[in-house]
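Take a look at the structure set out below.
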Amino acid sequence: MTTANLLSELKGLRVLVLHPQDAEAQIVLGHLQRIGCEVQQRWPVPERLPQGVDVVLLSIELDQRPAIERLVDNLDEQAPPIIAIVGYENPSMLQLVLLSQPAAVIERPLRPFGLLTQLLIARSFWRRRVAMLAEIRKLEIRQSAVSRISMAKTLLMARHGFSEPQAHQRIQRDAMAQRCSMDVVAQQIIDNDSPERAPP
């Protein structure tokens, strides 16, 4: 990816900086604005993320642990990626970092150098995660449909003495006649709404 493409990726990126209002935060806010990001800053850590956020920079502070826990608990599958800002390492701090489920980590003292890379890594991680979740949803829907069709065939076989191929053909034929999916017909049969027909 060229430098122009990298900057295009970041231009207009909506970044929420959850960090105390200090000189360090001003450095980061200024750099984000210079590379074209739309930036807002909040502190202390809110209970929920506001709408319209693409990336979150989260300062990991031990005194904010309850707030960070509430924030993480309120995140859904489509939540933007978190970049954790860490000042030092000890067991309590590392535990809180892991709790925040970051896509990337930045160490203090904060500097503009490397921030662009971490933003791109976080966005790439988020896109892969969303794509993976979408694929999982498709598989779940497909498996659910297969289960319903199998149940409907079992009911037809029990009610009418159909063979498995006959039951399948019955569902397939009704789906074609109704111009709907076999899954819809299967649900009708399960709900006992499908009209009675003789085996083919």
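The values are calculated or read from the model by the stated rules, or taken from the named source; none is laboratory data. Everything numeric in this text was worked out from a predicted model, so none of it was measured. Glycine gets a Cβ as well: all are built from the backbone with ideal geometry, and neighbour counts include every protein chain shown.
Does residue 39 fit the bill of being more than 26 Å from residue 133 (Cα to Cα), of a type outside the set (Phe, Trp, Tyr), modelled with pLDDT of 90 or more and part of a strand (DSSP E or B)? Yes: the conditions hold for residue 39. When segment 6-33 is filtered for residues that are free of Cβ contacts under 8 Å to residues at least 12 places away in the same chain and touching a strand residue (DSSP E or B) at 6+ places or on another chain (Cβ under 8 Å), only 33 remains. Would you confirm whether or not segment 91-110 contains a residue that is in contact with a Gly (Cβ under 9 Å, 6 or more places away or on another chain) and polar (S, T, N, Q)? Scanning segment 91-110, I find no residue that is in contact with a Gly (Cβ under 9 Å, 6 or more places away or on another chain) and polar (S, T, N, Q), so the answer is no. Within segment 58-70, is there a residue that is in contact with an Asp or Glu (Cβ under 9 Å, 6 or more places away or on another chain), in a helix (DSSP H, G or I), buried (at least 20 other Cβ atoms within 10 Å of the Cβ) and assigned by TED's automatic domain parsing to the domain that holds residue 122? Yes, the conditions are met somewhere in segment 58-70. Is it the case that residue 55 is touching a Pro at 6+ places or on another chain (Cβ under 7 Å) and assigned by TED's automatic domain parsing to the domain that holds residue 8? Against the criterion (touching a Pro at 6+ places or on another chain (Cβ under 7 Å) and assigned by TED's automatic domain parsing to the domain that holds residue 8), residue 55 qualifies. Restricting segment 36-52 to residues that are surrounded by fewer than 16 Cβ atoms within 10 Å (Cβ to Cβ) and farther than 29 Å from residue 90 by Cα leaves a set whose member that is farthest from the chain's Cα centre (by Cα) is 36. Scanning segment 117-129 for any residue that is in the same structural domain as residue 56 (by TED's automatic domain parsing) and more than 30 Å from residue 69 (Cβ to Cβ) turns up nothing.
I want to confirm something. Restricting to segment 109-138 and keeping residues that are surrounded by 11 or more Cβ atoms within 10 Å (Cβ to Cβ) and outside any helix (DSSP H, G or I), which single residue is modelled with the lowest pLDDT? Top of the filtered list is 112.
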